[in-house]
Amino acid sequence: MIDTTRRGLLMGTAAAASFGALPFRSARAQAANTIKIGVMNDQSGPYRDIGGPNGVIMAQIAAQEFGNRGFTVEVIGADHQNKPDVGANLARQWYDQGVDMILDVPTSSVGLAVNQVAKEKNKVYINVGAATADLTGPQCTPVTAHWVYDTYMLAKSTGGAMVRAGGKRWFFITADYAFGHALERDTTNFVRAAGGSVAGSVRYPFPATTDFSSFLLQAQASRAEVIGLCNAGQDTINSIKQAAEFGLTRRGVKIAALLMFIADVHALGLEQGQGLVMTESFYWDLNDRTRAFARRVQPRLNQRAMPNMVTAGNYSATLHYLKAVADMGAAAAKGPGVEVMNRMKAMPVEDEAFGRGTLRQDGRMLIPSYLFEVKKPSESTGPWDYLKLLQTTPADEAFRPLADGGCPLVRS
């Protein structure tokens with residue numbers, strides 16, 4: 001436990017050096033006038049390419065573009081290793097050592113653990129990478145916001161589209177932790193509400209699984225029309241590749257990648273990815289605004305990757321948080337997190353990545369969601385031209401209704 005936590009802290013120090021920590025001044029003066037943001041995510045595991053180092057870079061870009069408005073900003077990063085105890089311990093140490101806001105935190109079990117620490121410390125936590133909708137439901141807190149996507153939104157968009165296309169009988173392959181459980185639960189609700197059924201499900205150890213063959217064979221034996229993948233990142237890529245090796249799609253079985261990112265399509269290639277449907281709240285080629293934004297930041301990202309909804313979300317969340325800090329003053333923003341979050345909720349959300357949004361009472365950021373289909377190789381005109389838009393769900397319809405979440409902050 002001590003060793004893994006130290007590893008995370010050391011990585012945080014390294015990130016501060018790499019991403020432009022401020023030059024030395026009087027320690028007291030610097031601390032009083034410096035807003036410190038800690039980006040916690042998976043830097044080395046199956047979700048590395050979803051956020052990872054590029055998630056830290058995007059927060060740094062937002063801070064640099066925001067400029068000096070009477071205070072300075074320091075962005076650090078650390079690897080939570082997809083372990084809730086590592087994430088919780090790191091969050092507690094960060095807050096105690098002067099971090100004012102924790103950002104990103106993919107892996108829902110880690111996100112929920114950090115959520116409780118933020119509540120205990122009364123400090124701001126903006127979740128971007130963790131998907132569980134419970135963060136704005138029974139686990140909501142007055143200091144937490146949830147950016148860009150969640151399991152309800154994914155289930156409604158991708159799951160709903162698959163049912164409407166005729167996929168009535170489902171089998172789920174689910175990562176055995178909070179994210180997978182929530183995504184399976186929410187998708188099951190939409191499938192059954194639309195008249196479909198669930199033939200079965202299997203849960204696999206996360207993050208210790210790379211061979212999905214036995215789970216795919218169980219899905220095949222169930223005679224399901226749709227295999228719902230309640231996983232993400234490298235697990236989704238491996239599942240899709242192995243399903244193709246078994247010839248499942250050639251036999252007419254549809255694969256529902258319930259959480260998939262453009263980075264996953266890039267790793268799969270269009271030959272294997274073509275025809276898959278996926279939901280994101282950001283796509284670089286969506287419109288002139290997103291194209292200009294993506295082309296500006298892409299040269300600074302590792303491997304010149306295009307931003308996805310998580311890395312773009314880190315940019316957006318950082319920018320909105322810093323606007324609230326500027327509005328209330330750095331000294332006040334270093335005080336109770338609930339006051340900062342209330343100011344964030346009172347201000348309109350607007351940036352080049354997502355356009356306009358609203359931060360709701362339960363901490364849910366409301367923006368449209370987009371259902372895409374992966375292009376055929378012949379349809380692509382160049383690098384990263386991978387998706388075509390099928391439908392748009394408006395912001396006020398994309399996420400769970402406020403009254404249905406069970407958030408204790410919501411007044412009836």
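The values are calculated or read from the model by the stated rules, or taken from the named source; none is laboratory data. All values reported here derive from a predicted model rather than from experimental measurement. Note that we place each Cβ from the backbone using ideal geometry, even for glycine, and neighbour counts take in every protein chain shown. What goes into the accessible areas is simple: the full protein's heavy atoms, side chains included, and nothing from ligands, DNA or RNA. Shrake-Rupley method; radii C 1.70, N 1.55, O 1.52, S 1.80 Å.
Tabulated data
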quantity	calculated
Inter-probe distance in nm under a simple model that places probes 7 Å from Cα toward Cβ, at residue 410 and residue 44	4.0 nm
Cα principal axis extents for the stretch 95-185, largest first, Å	53, 22, 19
Under 12 Å, Cβ to Cβ, from residue 231 - net charge with Lys/Arg +1 and Asp/Glu -1	-3
Residue 136 - accessible surface, heavy atoms, 1.4 Å probe, Å² rounded to 10	10 Å²
Spin-label model distance (nm) - residue 338 vs residue 289, 7 Å beyond Cα toward Cβ	3.3 nm
Inter-probe distance in nm under a simple model that places probes 7 Å from Cα toward Cβ, at residue 169 and residue 31	6.5 nm
Residue-span extension gain [residue 389 to residue 304] - 0.36 nm each, minus C-alpha spacing	28.3 nm
Cα-based radius of gyration of the stretch 102-154 once divided by 2.2 N^0.38 Å, which approximates compact folds	0.97
Stokes-Einstein D in µm²/s, Kirkwood radius over Cα pairs - the stretch 124-231 at 37 °C with 0.692 mPa s viscosity	226 µm²/s
Carbon and sulfur %, accessible surface of the stretch 38-139 computed with the full protein complex present, 1.4 Å	43 percent
Where the Cα pairs of the stretch 254-309 fall when distances are cut into 5 Å bins, in %	4, 18, 26, 24, 16, 9, 2, 0
Ellipticity estimate at 222 nm from DSSP helix runs (n ≥ 4, -39,500 (n - 2.57)) divided over the chain, nearest 500	-12500 deg cm²/dmol
Rounded accessible area per residue of the chain, 1.4 Å, Å²	38 Å²
Peptides 259-269, 319-329, 51-61 ordered by average Cβ neighbours within 10 Å, highest first	51-61, 259-269, 319-329
Of the trypsin sites (Lys or Arg not before Pro) in the stretch 338-412, those whose Cβ has at most 10 other Cβ within 10 Å and which sit in DSSP loop	411
Alpha-carbon spread of the stretch 286-405, three principal axes, descending order, Å	54, 37, 20
The chain - Rg (one decimal) and Dmax (whole number), Cα, Å	20.5, 68
Cα centroid separation - the stretch 68-141 against the stretch 212-232, whole Å	33 Å
Debye-sum result for the stretch 51-124 in log10 I(q)/I(0), which assumes one identical scatterer on each alpha carbon, at q = 0.11, 0.15 Å⁻¹	-0.29, -0.52
The stretch 139-182 - Debye-derived log10 I(q)/I(0), Cα point model, q = 0.15, 0.19, 0.31 Å⁻¹	-0.53, -0.76, -1.16
